[in-house]
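**Q** Pasting a structure below so you can have a look.
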Amino acid sequence: QQKVQQSPESLSVPEGGMASLNCTSSDRNFQYFWWYRQHSGEGPKALMSIFSDGDKKEGRFTAHLNKASLHVSLHIRDSQPSDSALYFCAASVSNMGYKLTFGTGTSLLVDP
Amino acid sequence: DPKIIQKPKYLVAVTGSEKILICEQYLGHNAMYWYRQSAKKPLEFMFSYSYQKLMDNQTASSRFQPQSSKKNHLDLQITALKPDDSATYFCASSQGTGGYEQYFGPGTRLTVL
């Protein structure tokens, strides 16, 4: 069973719209969570990290973490065509923060 | 200028052969990693190195051997290649081995025929 599950598998939003991505982990040892974005033909790039319960906002991106339910979400407001990419949730345990376990990804398409 | 260089970008190999994937980082980071991304599968952690020492090996096969000749280099040697090894291999690095951001290279896409 995949330890980090993402939904939806794919998502299409209009330009200027809100995209909401979800991630659920099955391992309660996970303490560190990251959102990565990967454009076609490139390596993943970190968008933001979230280590504490609650919301974290960076520009148009807001992450939410609920450790009790092992749920992380990412919300992208005012979506742009350049946001079209694969989005990955990644998690790690506190004493092995370097070892990222990635989810299966959400493919986001922003229609201009 | 690219901060993490991976060479080659594309690689085609025949079954049973051996290849070396090159990775160099110019971010001044002390930790380096290898990940694999296969079709229909999530990115998979393979190895981690810190100060040129192996910290973690999550590959089941000894056919995969990382090699660190310099602090900012971490190559990946793959022997006795199989078609199942076909994937994109990403090198990454981070400032430390705690919850630091990992920076990924552009990847080497390996196809084994």
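Values quoted throughout were computed directly from the atomic coordinates according to the rules given, and no laboratory measurement underlies them. This structure is a prediction, so every number in the text was calculated from the model and none was measured. Virtual Cβ from ideal backbone geometry, glycine too; neighbours counted across all protein chains shown.
**Q** Among B:Pro83, B:Pro42, B:Pro66, which one shows the highest mean-square fluctuation when chain B is modelled as a Gaussian network with alpha-carbon springs under 10 Å?
**A** Taking springs between Cα atoms under 10 Å, the residue moving most is B:Pro42.
**Q** Let me ask you something else. Pick from B:Met55, B:Met46, B:Met32: which residue has the top mean-square fluctuation in a GNM of chain B where Cα pairs under 10 Å get a spring?
**A** B:Met55
**Q** Within 10 Å of each residue's Cβ, count the other Cβ atoms and sort B:Arg63, B:Arg109, A:Arg37 from fewest upward. Don't jump to the answer; show the numbers that get you there.
**A** Numbers: B:Arg63 14, B:Arg109 17, A:Arg37 20.
Listed from fewest to most nearby Cβ atoms, that is B:Arg63, B:Arg109, A:Arg37.
**Q** Within the set A:Lys99/B:Lys53; B:Lys40/B:Lys70; A:Lys45/B:Lys41; B:Lys19/B:Lys71, which residue pairs have Cα atoms separated by over 24 Å? The partial results should precede the final answer.
**A** On the way: A:Lys99/B:Lys53 15 Å; B:Lys40/B:Lys70 34 Å; A:Lys45/B:Lys41 18 Å; B:Lys19/B:Lys71 21 Å.
The answer is B:Lys40/B:Lys70.
**Q** So for chain B, averaging the separation of alpha carbon pairs under 8 Å that are six or more residues apart and normalising by length, what relative contact order in percent results?
**A** Numbers: 274 pairs, mean separation 41.2, N = 113.
It rounds to 36 percent for chain B.
**Q** Short version: ³J(HN,Hα) in whole Hz for each residue of region B:40-53, in order, from phi by Karplus 6.51 cos²θ - 1.76 cosθ + 1.60 (θ = phi - 60°), x for Gly and Pro, what are they?
**A** Residue by residue, region B:40-53 yields 6, 10, x, 4, 10, 5, 10, 9, 9, 10, 9, 6, 6, 10 Hz.
**Q** For chain A, what is the relative contact order in percent, using Cα pairs closer than 8 Å and at least 6 residues apart in sequence?
**A** Normalised by residue count, the contact order of chain A is 38 percent.
**Q** Right, next: So what J values fall out for region A:5-12 if you push phi through Karplus, 6.51 cos²θ - 1.76 cosθ + 1.60 with θ = phi - 60°, rounded to Hz, Gly and Pro as x?
**A** 10, 10, 8, x, 6, 9, 8, 10
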